[in-house]
Number of protein chains: 12
Amino acid sequence: MADNVYKKVEIVGTSSSSIEDAIQTAVRTAAKSLKNLDWFEVVETRGHIENGSVAHYQVVLKLGFRIEQD
Amino acid sequence: MADNVYKKVEIVGTSSSSIEDAIQTAVRTAAKSLKNLDWFEVVETRGHIENGSVAHYQVVLKLGFRIEQD
Amino acid sequence: MADNVYKKVEIVGTSSSSIEDAIQTAVRTAAKSLKNLDWFEVVETRGHIENGSVAHYQVVLKLGFRIEQD
Amino acid sequence: MADNVYKKVEIVGTSSSSIEDAIQTAVRTAAKSLKNLDWFEVVETRGHIENGSVAHYQVVLKLGFRIEQD
Amino acid sequence: MADNVYKKVEIVGTSSSSIEDAIQTAVRTAAKSLKNLDWFEVVETRGHIENGSVAHYQVVLKLGFRIEQD
Amino acid sequence: MADNVYKKVEIVGTSSSSIEDAIQTAVRTAAKSLKNLDWFEVVETRGHIENGSVAHYQVVLKLGFRIEQD
Amino acid sequence: MADNVYKKVEIVGTSSSSIEDAIQTAVRTAAKSLKNLDWFEVVETRGHIENGSVAHYQVVLKLGFRIEQD
Amino acid sequence: MADNVYKKVEIVGTSSSSIEDAIQTAVRTAAKSLKNLDWFEVVETRGHIENGSVAHYQVVLKLGFRIEQD
Amino acid sequence: MADNVYKKVEIVGTSSSSIEDAIQTAVRTAAKSLKNLDWFEVVETRGHIENGSVAHYQVVLKLGFRIEQD
Amino acid sequence: MADNVYKKVEIVGTSSSSIEDAIQTAVRTAAKSLKNLDWFEVVETRGHIENGSVAHYQVVLKLGFRIEQD
Amino acid sequence: MADNVYKKVEIVGTSSSSIEDAIQTAVRTAAKSLKNLDWFEVVETRGHIENGSVAHYQVVLKLGFRIEQD
Amino acid sequence: MADNVYKKVEIVGTSSSSIEDAIQTAVRTAAKSLKNLDWFEVVETRGHIENGSVAHYQVVLKLGFRIEQD
């Protein structure tokens, strides 16, 4: 295996239903423009409250993907 | 919009079913005595184990709310 | 109550379905060889991505258990 | 001097003009309901952007004050 | 056991004699106005120096207590 | 409101006059190529010294913006 | 001196009397099963409160010991 | 000197030979698409193990470069 | 350019007017006894409150300077 | 692929020649008693100085390995 | 009160008896060469183990003192 | 052994060849003016890039040395 190089970008996914859904939303949206997505790391979990109840989850992620080299 | 001021308090929600449920329990309990709850930040996720299985989740949150000014 | 002593070990649970399931998998596997498991602390949440979607969650935990003394 | 006890609360001040003004706004608002305010610590500096320019600064502070004992 | 909710407050105890005494001073003062105090976490240990010797210890604590629900 | 996705980028603004001006410089420069800029977070404040005086401030920021989805 | 290798384990000592006693309890208990204990690092200091007073201190330690090699 | 603006990106370099080589691999790969690379910061050093020996080093870097302004 | 060596010292500047002024005060005072001051890093921003208003800012800085070698 | 479980242990490798050699020493020593070693993470790099020169490097590592399940 | 400037130095005190004694030892030794010592902050608590028992405590402190200006 | 006291200073070593060489440069330079240097801790590793390649490594170290007492 050659010496690969990866890039990490920071994405925030949101969801009104669950933390996992917010992660999936972020990953799937990023996958539309980034190839070779390989792993994610949760950096921060937070969210908005409306009327005394959780309105949606916001999960800050780092996404890692391999850079293609010629 | 005037220059708002917010306060943050630290609350621990618990739940035997899920992390999201522990967050909701904390938010709803706090909402009984605090108006204008606006956002939450997860500070720590932990829990108790009984008989070799997760008994309940404990999620430490910061809750932010706007202070009403006259 | 005597002055107890506890040990903490670091375990990584994985699951293709949810963060809670990854935690349960780690706890139940550790419980096969460790008695008196008492609490867990989530240290890090990450995971692998395949085909632009979350393939599985990896949750790094510290598990605390009481050391039996004679 | 007797052994004093202090409490710290977390307040977020906002200002459209400067970081110092956001701190002053937070301190002065808190002083309306808290006596003996003694020091502040900046925990986080952030803000909102509108139309490609800073709209206001948000400064998260801890405020310390002495608890009066009888 | 129902799903409890806890609150954490940040208190600074001081003592001219020892770190443990500063912690006890903080806990006992807080107990005058807070019921159900359950645990403490040391956040920071510092102090003042006078005439080239420690004058008193200042211990910043988080105190956790159960919120009573109706 | 649908489940939005945001991206965060890390930018360093510099200014010889003030911290706020360094932040504004970073935000305005980023706004030339990024639409929907929504918030900033100060990560680090530093600067260069020349002839025993501050020559310019360097403020490291994270900038968050909404990703447009079709 | 050859190139030694050490292992670190995480132990929690408790004591109703002092922080130092909690450390000693942890070290002495660990020494029953681990040879060559060489140093400790305090990771966290916390404790339980009963009846508005400190019931016992809990000190989380890392203990380092040399691994014997043949 | 005008008030420059810089951007930081996060890159992971890998190498089977050394940490410095992993850094160089990351920098040289990034330099193919980024002009004005100015500095790097090591964020994390890790790696893979195969057959009980280090297979390759993975060094997570932040790379800073000046943004050209018209 | 030879391989330079730098030293960093930790200085606290105070000012009743602004954060920038506290930084300048620290830098200018340090420059009286230290040659070759090159950069600063803000470590912590705090201050004192008197009569419910900010009395002065305290900015903890690291100052870096080149060590002259013969 | 089933849901694997991993354990992480903390090991300190030392070497008089290089950081990489200290890492290799730690990994190879651990591999004598642990099967399935999969990755390492550098936690801390330090060392001893003798006669004004580096005597040896001490690298604190976390080592991850898969737990075999029946 | 004029705008004071302070310096912080990092000192490690040791003691075979207690953490407080290690702090006092550090402060008193530093006071022999530094005037105007004003406060200390505990950065780290660790120690050496001999024969399965704590041999001495090592407390890393930052000490702050006012710089006299003409 | 009496209760020793140590001081820690923060030094940045640079090298165009390797991280280890940057550490050695820092240690050897510091040893010209400081006696009893005992240990180092790597605080940060960074460097400059020129023409798309690493120009030199900058390693920020804490150096500990025993203070001689009369």
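Interface burial in the range C:32-70 reaches 50 Å² or more for C:Trp39, C:Phe40, C:Thr45, C:Arg46, C:Ile49, C:Gly52, C:Val54, C:Tyr57, comparing the full protein assembly with the chain by itself; accessible area from heavy atoms with a 1.4 Å probe.
Solvent-accessible surface of the protein assembly as shown, averaged per residue with a 1.4 angstrom probe and all protein chains in place: 42 square angstrom. Annotation note: trypsin sites (Lys or Arg not before Pro) in the range E:14-70 located in DSSP loop regions with a Cβ neighbour count of at most 15 within 10 Å are E:Lys32, E:Lys35.
Assuming charge only on the beta carbon of Lys and Arg (+1) and of Asp and Glu (-1), the dipole of the protein assembly as shown about its Cα centre is about 0 debye to the nearest 20. About its Cα centre, the dipole of chain B is roughly 120 debye, where the only charges are +1 on Lys and Arg Cβ and -1 on Asp and Glu Cβ. Rounded to the nearest 100, the interface formed by chains D and F buries 1200 square angstrom of accessible surface, both chains summed, with a 1.4 Å probe. Relative to the longest principal axis of the Cα atoms of chain I, the long axis of helix I:19-31 lies at roughly 40 degrees. A Förster radius of 51 Å combined with the Cβ-Cβ distance from H:Arg28 to D:Glu44 puts the calculated FRET efficiency at roughly 0.90. Computed over chain L with a Gaussian network model linking Cα atoms closer than 10 Å, the most mobile of L:Val60, L:Val42, L:Val12 is L:Val42.
Each of C:His56, F:His48 has its accessible area taken with a 1.4 Å probe; listed largest first, they run F:His48, C:His56. The alpha carbon centroids of the range J:1-64 and the range K:1-68 are separated by 31 Å. Please report, as a whole percent, how much of the solvent-accessible surface of the protein assembly as shown comes from carbon and sulfur atoms (probe radius 1.4 Å). Percent of accessible area from carbon and sulfur atoms in the protein assembly as shown: 42.
The values are calculated or read from the model by the stated rules, or taken from the named source; none is laboratory data. What you are looking at is a predicted structure, and each value in this text was computed from that prediction instead of being measured. A quick note on method: Cβ atoms are made from the backbone with ideal geometry, for glycine too, and the neighbour counts reach across all protein chains shown. With ligands, DNA and RNA removed, areas are computed over all heavy atoms of the protein, side chains included. Shrake-Rupley method; radii C 1.70, N 1.55, O 1.52, S 1.80 Å.
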